[in-house]
Amino acid sequence: MIDDLDRIMHVMDAAFDPAYGEAWSRGQVGDALVMPNTYYLLAGIDGSDPQEGQQAAGFALSRGAADEEELLLIAVDPAHQGKGIGSILMQRFIETAQDRGAVRLFLEMRDGNSAESLYRKYGFDNVGRRKHYYRRGMGTPLDAITFVLHKK
Ligand SMILES: CC(C)(COP(=O)(O)OP(=O)(O)OC[C@H]1O[C@@H](n2cnc3c(N)ncnc32)[C@H](O)[C@@H]1OP(=O)(O)O)[C@@H](O)C(=O)NCCC(=O)NCCS
């Protein structure tokens, strides 16, 4: 029996390049999911909720605080990338977070991540840079870029 933690980890393990250390462990995701202010969305291969017993093609994980919500992770299985699933997840994230009362949506991205075009497509603006935020073993640390979207 596949549960939602299995579905998230299936995409997590496939989508994130281990070189950047961005993927969360099963324990980290499991701990997050029991927090009352943590939300997730799953998408099957057509962008809607995955069918019973099916793995997911993508997920989004976010955390709310007061009238803000942060998109912690968004990922699509590489086998299904480039088909609009990330866009559907982003659109659903924006709508559901705003329905919960969020007026500012934040996210943080490793400098150079091609996900930037997805964020800009949905109106997120670059509002800051945290120098050397992502440490990666012997590699050069990378900056984090902060994006925000204000509710209209
Ligand atoms: C970022 C990510 C979620 C996008 O998912 P996706 O399903 O491929 O996204 P979409 O097909 O909806 O494409 C969204 C936009 O991304 C861009 N894009 C998609 N595929 C691309 C590619 N191969 N190269 C460059 N840009 C691409 C396009 O701008 C596209 O918009 P468009 O369709 O209007 O042209 C996915 O690439 C991913 O899981 N990446 C690895 C995990 C990650 O780094 N997540 C972000 C940090 S948490």
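Numerical summary
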item	result
18 Å Cα-Cα reach of Lys131 towards aspartates and glutamates, excluding residues that sit fewer than 8 places from it in its own chain	Glu22, Glu108, Asp111, Glu116, Asp143
Cα gyration tensor shape of the range 63-152, rounded if a/c is under 1.5, else prolate or oblate by comparing a/b with b/c	oblate
With every protein chain in place, the chain: carbon and sulfur % of accessible area (1.4 Å)	49
Distance in nm between pseudo-label sites at Asp3 and Tyr122 (7 Å out along the Cβ direction from Cα)	2.7
The range 1-86, relative contact order [Cα under 8 Å, separation at least 6], %	29
Contour minus Cα-Cα distance for Thr96 and His132 (0.36 nm per residue)	9.8 nm
Global geometry of the range 4-150, whether rounded, prolate or oblate, following the gyration tensor of its Cα atoms and the 1.5 cut on a/c	rounded
Between the range 70-130 and the range 131-152, the alpha-carbon center distance in angstrom	14
The range 4-150, accessible area per residue, ligands and nucleic acids excluded (1.4 Å, Å²)	52
Mean Kyte hydropathy of 0.0 or more with a Cα span along the axis of at least 15 Å, helices from DSSP in the chain	4-15, 85-99
Cross-link partners of Lys151 among lysines (Cα-Cα below 19 Å; sequence separation of 8 or more within a chain)	Lys121
Relative contact order computed over the range 4-150 (Cα-Cα under 8 Å; 6+ residues apart), in percent	19
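The values are calculated or read from the model by the stated rules, or taken from the named source; none is laboratory data. Quantities reported herein were computed from a predicted structural model and do not represent experimental measurements. No Cβ is skipped: glycine too gets one built from the backbone with ideal geometry, and neighbour counts run over all protein chains shown. All accessible areas refer to the heavy atoms of the entire protein, side chains included, with ligands and DNA or RNA removed. Shrake-Rupley method; radii C 1.70, N 1.55, O 1.52, S 1.80 Å.
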